[in-house]
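This report refers to the structure that appears directly beneath it.
All of the numbers you see were taken from the coordinates with simple rules; none came from a lab. Everything numeric here is computed off the predicted structure, so don't read it as measured data. Reconstructed Cβ throughout: ideal geometry from the backbone, glycine too, with neighbour counts over all protein chains shown.
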Amino acid sequence: MKQDVVTAIERSGRHNVLVTINEEIQLMLSRDIWAERPLSEGEELDFAEFSQWLLPRQYPEALNKAVVLLAQRARSGGEIRQKLERAHYLEDTIDMVLYKLEKERLLDDEAFAREFAASCARRQMGKSRIRMELVRKGLPRELIDRTMEELPQEEADDAAIRLAQKLLRRHNGEDTRKEMQKVLAAMARRGYSYEDSKEAIEAALQMEENEAL
């Protein structure tokens, strides 16, 4: 039966050791875990057995890291998974942490997506930009689609109009056609579609006319 092999060992910071197994699997071991079971380069081991031994020792550390991340700001489950993967925790450890956080109601992707999308809209981001940001948060496509459908339209429209007003003031005095092109381009960069941008600009211009009366 072929054994797994420790192919590299390197220190990571003052307290951790990064272990590479079979030249592809990387695991970060804390000082306490390393002291309990140190490894050496070239050592053969049974990775399944080692993972089983490591899981209960690694889990409290990973859970604590996740709680600290959530204390800093609200995060999606996908973000927590990405952070723990980058910290080289076992996949089973990450799954256990996410299950615990969801069970304790410290993670709620649906509420997070709804609040995050509304916050993006208030910060004058268009729907395509909001969708892109939700994808980056590691949220599932079905949840993103539902969130975008439920995004408060009136609030999003008001934010778009405010952005259009700001951009129109910035380019005021330029050739009208050139001014419109620049405003449309600026709104497109923030994720607004052509139709949404056009409606917002028209509303902003109408408000400007009404104020002038």
How much net charge surrounds Tyr99 when only the other residues with a Cβ under 15 Å from the Cβ of Tyr99 are counted, with Lys and Arg +1 and Asp and Glu -1?
-3
Value of [θ]222 nm, deg cm²/dmol, for the chain, DSSP H segments ≥ 4, -39500 (n - 2.57) each, nearest 500:
-21000 deg cm²/dmol
Fewest-first ranking of Leu27, Leu70, using other Cβ atoms within 10 Å as the exposure measure:
Leu70, Leu27
Segment Glu199-Glu115, length gained on full extension (0.36 nm per residue, minus Cα span)
27.8 nm
Please identify every one of the trypsin sites (Lys or Arg not before Pro) in segment 1-96 that sits in a loop by DSSP and has no more than 15 other beta carbons within 10 Å of its own beta carbon.
Lys2, Arg14, Arg73
Less than 21 Å apart at the alpha-carbon level, and either on another chain or at least 8 residues along: which lysines does that give for Lys100?
Lys65, Lys83, Lys137
Quick one: if you stick a label point 7 Å off each Cα along the C-beta vector at Ser30 and Ala71, how many nm between them?
1.4
Per the Kirkwood definition applied to all pairs of different Cα atoms, how many angstroms is the hydrodynamic radius of segment 16-129?
16.0
Where only C-alpha atoms are counted, convex hull volume of segment 110-212 per residue in Å³
89
